[in-house]
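> Just dropping this structure here.
The values are calculated or read from the model by the stated rules, or taken from the named source; none is laboratory data. Treat the numbers as computed from the prediction; the structure is a model and nothing was measured. So basically every Cβ, Gly included, is an ideal-geometry build from the backbone, and we count neighbours across all protein chains shown. Surface accessibility is based on the protein's heavy atoms, side chains included, excluding ligands, DNA and RNA. Shrake-Rupley method; radii C 1.70, N 1.55, O 1.52, S 1.80 Å.
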Amino acid sequence: MAGKPKLHYPNGRGRTESIRWLLAAAGVEFEEEFIETKEDLLKLLNDGSLLFQQVPMVEIDGMKMVQTRAILSYIAAKYNLYGKDLKERAWIDIYVEGTTELMGMMMFLAFQAAGTKEKNIALMIERATTRYFPAYEKALKDHGHDYLVGNKLSWADIHLLEAILMVEEYKPDILSTFPLLQAFKGRTSNIPTIKKFLQPGSQRKPPSDEKFVATVTKIFNT
Amino acid sequence: MSGKPKLHYFNGRGRMESIRWLLAAAGVEFEECFLETKDDLTKLQKDGSLLFQQVPMVEIDGMKMVQSRAIGNYIATKYNLYGNDLKERALIDMYVEAVIDLNELLMTHAFQPADKKAQHFATIMDKATNRYFPVYEKVLKDHGQDFLVGNRFSKADVQLLETLLMAEECKPDILAKFPFLQSFKARISNIPTIKKFLQPGSQRKPPLHEKDVPKLMKIFH
């Protein structure tokens with residue numbers, strides 16, 4: 001038993017990417033067991049490893065955790081990325097839910113038909129520019145600190161950076177009207193653990209491509 | 001200023017109902033400000049009250065909290081409904097997240113187009129009885145305790161009861177094969193704060209009726 005957290009998911013971003021980001025940012029080494037075929041999934045289902053028959057599943061501290069948010073909250077709390085008190089946690093939760101919604105708009109774009117996909121990309125960009133990024137820009141402007149909550153790196157910052165980079169994959173100049181987010185991005189990307197994660201060869205996954213779509217369809221189709 | 005939490009939402013369940021349940025279970029009195037027209041929503045958006053321009057929004061302890069999960073987590077922690085330690089919180093989170101998934105299905109049922117309703121209903125029933133309920137039945141059976149986590153009343157119990165009752169509204173005998181969930185339901189329903197919330201005249205909202213859907217669409221679209 002390695003003692004390292006072990007992630008069970010297909011070899012792609014999906015719902016597990018935020019978990020990889022958080023572990024990496026916390027400087028926690030982790031292993032991955034990729035689900036590549038339907039048989040891999042069935043094995044997990046049949047041995048009772050998946051409480052609600054779903055992935056992601058993360059083996060951590062003797063538990064087989066499921067449900068992305070539960071996993072993320074546990075990791076954040078364990079590695080002191082969840083604020084110092086109830087109110088800081090409240091703000092971290094609020095900010096993370098916002099970036100979850102934004103990233104949720106991109107998560108399954110690769111699976112969509114061309115016309116639908118274009119429409120949803122446009123909607124996502126609109127929401128990023130008029131709903132989500134202004135909120136984070138303002139938060140940084142109001143307190144003038146380097147981090148979103150409590151003047152200290154938290155889950156909210158890591159999640160926001162992940163979201164920014166993801167949106168930039170669709171529109172590279174998306175931060176052109178958000179100077180504080182630009183500075184935030186530069187700063188946060190330079191945090192050593194994050195900088196390492198952003199380098200080639202890390203466990204960070206590339207955007208979903210046709211191959212990933214085909215694999216996932218094969219695994220999860222009934 | 002009353003000091004009571006103030007809930008901003010339309011006069012219906014939606015994403016606010018779980019918050020009402022949690023506050024009620026904790027014995028916390030709260031006020032409600034109902035959005036009845038699109039103008040009501042626009043006003044809140046324009047005065048900067050809604051961080052992401054969305055409701056639910058709850059004014060509590062000097063904050064204007066948005067995002068139902070964030071609000072639920074805050075209330076649960078503040079009123080000691082979130083377990084004793086990190087591992088109990090992890091279990092509560094897992095159980096609650098799954099219940100929220102099922103809730104989403106139940107919640108969106110009224111909005112399904114007529115030709116998709118039957119299929120959607122079948123999906124809900126299948127997931128409830130094959131994926132979700134068996135898990136909670138087994139948890140209760142395995143530890144034999146009154147509550148889901150840590151032998152202590154928590155957000156997980158509140159959320160599960162809410163969902164069990166909602167599922168029964170769709171199919172009254174849905175718990176027929178789940179004896180532990182049946183006794184759980186009876187037991188938790190009898191907790192004084194919850195019993196009070198389940199009585200007529202409380203702030204609990206009724207199920208959405210199809211005739212209410214157009215009015216809702218007008219506010220939010």
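> Away from chain B (no Cβ under 13 Å), open to solvent by less than 60 Å² (accessible area, probe 1.4 Å) and part of a helix (DSSP H, G or I) - does that describe any residue in region A:86-98?
For region A:86-98, residues away from chain B (no Cβ under 13 Å), open to solvent by less than 60 Å² (accessible area, probe 1.4 Å) and part of a helix (DSSP H, G or I): absent.
> Against the condition at pLDDT 95 or above and under 30 Å from residue B:82 (Cβ atoms), how does residue A:98 come out, does it pass?
Against the criterion (at pLDDT 95 or above and under 30 Å from residue B:82 (Cβ atoms)), residue A:98 qualifies.
> Kindly check whether there is at least one residue in region B:93-114 that is modelled with pLDDT of 95 or more, under 30 Å from residue B:149 (Cα atoms) and touching a strand residue (DSSP E or B) at 6+ places or on another chain (Cβ under 7 Å).
Among the residues of region B:93-114, at least one is modelled with pLDDT of 95 or more, under 30 Å from residue B:149 (Cα atoms) and touching a strand residue (DSSP E or B) at 6+ places or on another chain (Cβ under 7 Å), which makes the answer yes.
> Identify all residues within region A:1-25 that are closer than 22 Å to residue A:107 by Cβ and either open to solvent by 50 Å² or more (accessible area, probe 1.4 Å) or among the hydrophobic types (A, V, I, L, M, F, W, C) (or both); write none if there are none.
Scanning region A:1-25 gives A:7, A:11, A:15, A:19, A:21, A:22, A:23, A:24, A:25.
> Restricting to helices (runs of 4 or more DSSP H) lying wholly in region B:79-158: which have 1 or more residues that are open to solvent by 20 Å² or more (accessible area, probe 1.4 Å) and under 26 Å from residue B:195 (Cβ atoms)?
B:86-107, B:133-143
> Which ones in region A:136-149 are surrounded by fewer than 17 Cβ atoms within 10 Å (Cβ to Cβ) and within 11 Å of chain B (Cβ to nearest Cβ)?
Selection gives A:138 alone.
> Taking residue B:171 as the residue in question, decide whether it is basic (Lys, Arg) and outside the structural domain of residue B:45 (by the TED database).
For residue B:171, the condition - basic (Lys, Arg) and outside the structural domain of residue B:45 (by the TED database) - is met.
> Here is a list of conditions, (1) over 30 Å from residue B:209 (Cα atoms); (2) assigned by the TED database to the domain that holds residue B:168, and residue B:62 meets all of them except one; can you say which number that is?
With respect to (1) over 30 Å from residue B:209 (Cα atoms); (2) assigned by the TED database to the domain that holds residue B:168, residue B:62 is out only on (2).
> If you don't mind, there's one more thing I want to ask. If you scan region A:111-132, which residues turn out to be away from chain B (no Cβ under 11 Å), buried (at least 18 other Cβ atoms within 10 Å of the Cβ) and in contact with a Phe, Trp or Tyr (Cβ under 8 Å, 6 or more places away or on another chain)?
Answer for region A:111-132, where residues must be away from chain B (no Cβ under 11 Å), buried (at least 18 other Cβ atoms within 10 Å of the Cβ) and in contact with a Phe, Trp or Tyr (Cβ under 8 Å, 6 or more places away or on another chain): just A:124.
> Is there any pair linking a residue in region A:65-82 that is under 14 Å from residue B:98 (Cβ atoms) and facing chain B (nearest Cβ under 10 Å) to one that is of a type in the set (Asp, Glu) and open to solvent by 10 Å² or more (accessible area, probe 1.4 Å), with Cβ under 7 Å and at least six apart or on different chains, and which?
Close Cβ pairs (under 7 Å, with a partner that is of a type in the set (Asp, Glu) and open to solvent by 10 Å² or more (accessible area, probe 1.4 Å)) amount to A:67/B:93; A:67/B:97; A:69/B:93; A:69/B:97; A:70/B:93; A:70/B:97.
> Being open to solvent by 50 Å² or more (accessible area, probe 1.4 Å) and part of a helix (DSSP H, G or I) is the filter here, so list the residues in region B:17-45 that pass it.
B:38, B:39, B:40, B:43, B:45 - these are the residues of region B:17-45 that are open to solvent by 50 Å² or more (accessible area, probe 1.4 Å) and part of a helix (DSSP H, G or I).
> Residue check, residue A:168 against (1) of a type in the set (D, E, K, R); (2) closer than 23 Å to residue A:19 by Cα; (3) surrounded by 16 or more Cβ atoms within 10 Å (Cβ to Cβ), all met but one. Which one?
Condition not satisfied by residue A:168: (3).
> Please go through region B:204-221 and pick out each residue that is assigned to a helix (DSSP H, G or I) and touching a residue at least 24 places away in the same chain (Cβ under 8 Å).
Listed by number, the residues that qualify are B:210, B:212, B:213, B:216, B:218, B:219, B:220.
> Could you list all residues from region B:71-129 that are more than 13 Å from chain A (Cβ to nearest Cβ) and among the acidic types (Asp, Glu)?
Once the filter is applied, which keeps residues that are more than 13 Å from chain A (Cβ to nearest Cβ) and among the acidic types (Asp, Glu), region B:71-129 yields only B:115.
> Could you list, in sequence order, the residues of region A:33-64 that are open to solvent by 50 Å² or more (accessible area, probe 1.4 Å), in contact (Cβ under 8 Å) with a residue 12 or more places away in the chain and not in a loop (DSSP other than H, G, I, E, B)?
Within region A:33-64, A:33, A:34, A:38, A:40, A:59, A:64 qualify.
> From the list A:162, A:168, exactly one residue is without any contact (Cβ under 8 Å) to a residue 40 or more places away in the chain and assigned to a helix (DSSP H, G or I). Which is it?
Only one candidate qualifies: A:168.
> Now a separate question. Looking at (1) in a loop (DSSP other than H, G, I, E, B); (2) open to solvent by less than 40 Å² (accessible area, probe 1.4 Å); (3) within 14 Å of chain B (Cβ to nearest Cβ), can you tell me which one residue A:28 breaks?
(3)
> Continuing with this model, one more query. If residue B:51 meets every condition in (1) surrounded by 17 or more Cβ atoms within 10 Å (Cβ to Cβ); (2) within 21 Å of the chain's Cα centre (by Cα); (3) within 14 Å of chain A (Cβ to nearest Cβ) apart from one, which number is that one?
All conditions are met except number (2).
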